[in-house]
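The values are calculated or read from the model by the stated rules, or taken from the named source; none is laboratory data. Computed from a predicted model, the values in this text were never measured in an experiment. Heads up, the Cβs are rebuilt from the backbone with ideal geometry, glycines too, and the neighbour counts pull from every protein chain shown.
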Amino acid sequence: MAYIVGVPLLVLLAVIQATVLSNVRLLDGAPDLILLAVVAWALTGHARQAMAGALFGGLLIDLLSGLPLGATAIIMITVVYLVSLTAGRFWEANLLMPLTTVLWSSLLFHGLSLAVLLALGRPLELSFALGRVVLPSTFLNLILALPATQAASSLAETFYPPEVQI
């Protein structure tokens, strides 16, 4: 059931990220909506679905960006796997946990993306990329981290309500 809602939601987020948010930027950085969605879903404890969403969402981003097809998907699956190691145990206990998770997830995502671009031989000025793209994008992701995790928590409760024993 979650896939029926998740796939169209990821498509919508990819379209918003590629169209609307390409014009709304902080320096040269923009929030990564698909990354936020799959990390937030992984934080709810649904790791397999989050990894499937990371694969699909990463392929969508690759179709709309300049990276080779599959590169972003592999990076997102790696990030979601590392997030899923907590298995949804910590973020509900502490308000700072989603922020911390999104912080290192965003830095890891952008760091691996820069590594792929460097491996492909694309010319990059690393200090420019870090200062004008990675840090502003991470900041915007941090601003959207709590709403994303709350929305994922609400969706998880809707699709997977707790069992009630009578």
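Quick look at the values:
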read-out	value
Verdict on residue 12 being out of contact with any Phe, Trp or Tyr (no Cβ under 6 Å at 6 or more places or on another chain), in a loop (DSSP other than H, G, I, E, B), surrounded by fewer than 19 Cβ atoms within 10 Å (Cβ to Cβ) and modelled with pLDDT of 85 or more	no
Residues of the stretch 36-53 classified as buried (at least 24 other Cβ atoms within 10 Å of the Cβ), closer than 11 Å to residue 83 by Cβ and touching a Phe, Trp or Tyr at 6+ places or on another chain (Cβ under 8 Å), total	2
Residue 62 being of a type in the set (D, E, K, R) and under 14 Å from residue 13 (Cβ atoms)	no
From 129, 152, residue being touching a Ser or Thr at 6+ places or on another chain (Cβ under 9 Å), modelled with pLDDT under 90 and buried (at least 16 other Cβ atoms within 10 Å of the Cβ)	152
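Table: residues versus (1) within 19 Å of residue 21 (Cα to Cα); (2) among the small types (Gly, Ala, Ser); (3) in contact with a strand residue (DSSP E or B) (Cβ under 7 Å, 6 or more places away or on another chain); (4) assigned to a helix (DSSP H, G or I).
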{"position": "106", "(1), (2), (3), (4)": "yes, yes, no, yes"}
{"position": "110", "(1), (2), (3), (4)": "yes, no, no, yes"}
{"position": "121", "(1), (2), (3), (4)": "no, yes, no, no"}
{"position": "124", "(1), (2), (3), (4)": "no, no, no, no"}
{"position": "137", "(1), (2), (3), (4)": "yes, yes, yes, yes"}
{"position": "145", "(1), (2), (3), (4)": "yes, yes, no, yes"}
{"position": "156", "(1), (2), (3), (4)": "no, yes, no, yes"}
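So that you can scan it fast, the table gives a plain yes or no per residue for (1) of a type in the set (D, E, K, R); (2) touching a helix residue (DSSP H, G or I) at 6+ places or on another chain (Cβ under 6 Å); (3) touching a residue at least 60 places away in the same chain (Cβ under 8 Å):
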{"site": "98", "(1), (2), (3)": "no, yes, no"}
{"site": "105", "(1), (2), (3)": "no, yes, yes"}
{"site": "132", "(1), (2), (3)": "yes, no, yes"}
{"site": "135", "(1), (2), (3)": "no, no, yes"}
{"site": "140", "(1), (2), (3)": "no, no, yes"}
{"site": "154", "(1), (2), (3)": "no, no, no"}
{"site": "159", "(1), (2), (3)": "no, yes, yes"}
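So that you can scan it fast, the table gives a plain yes or no per residue for (1) touching a Lys or Arg at 6+ places or on another chain (Cβ under 9 Å); (2) under 19 Å from residue 25 (Cβ atoms):
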{"site": "76", "(1), (2)": "no, no"}
{"site": "84", "(1), (2)": "yes, no"}
{"site": "97", "(1), (2)": "no, no"}
{"site": "112", "(1), (2)": "no, no"}
{"site": "129", "(1), (2)": "no, yes"}
{"site": "145", "(1), (2)": "no, yes"}
{"site": "163", "(1), (2)": "no, no"}
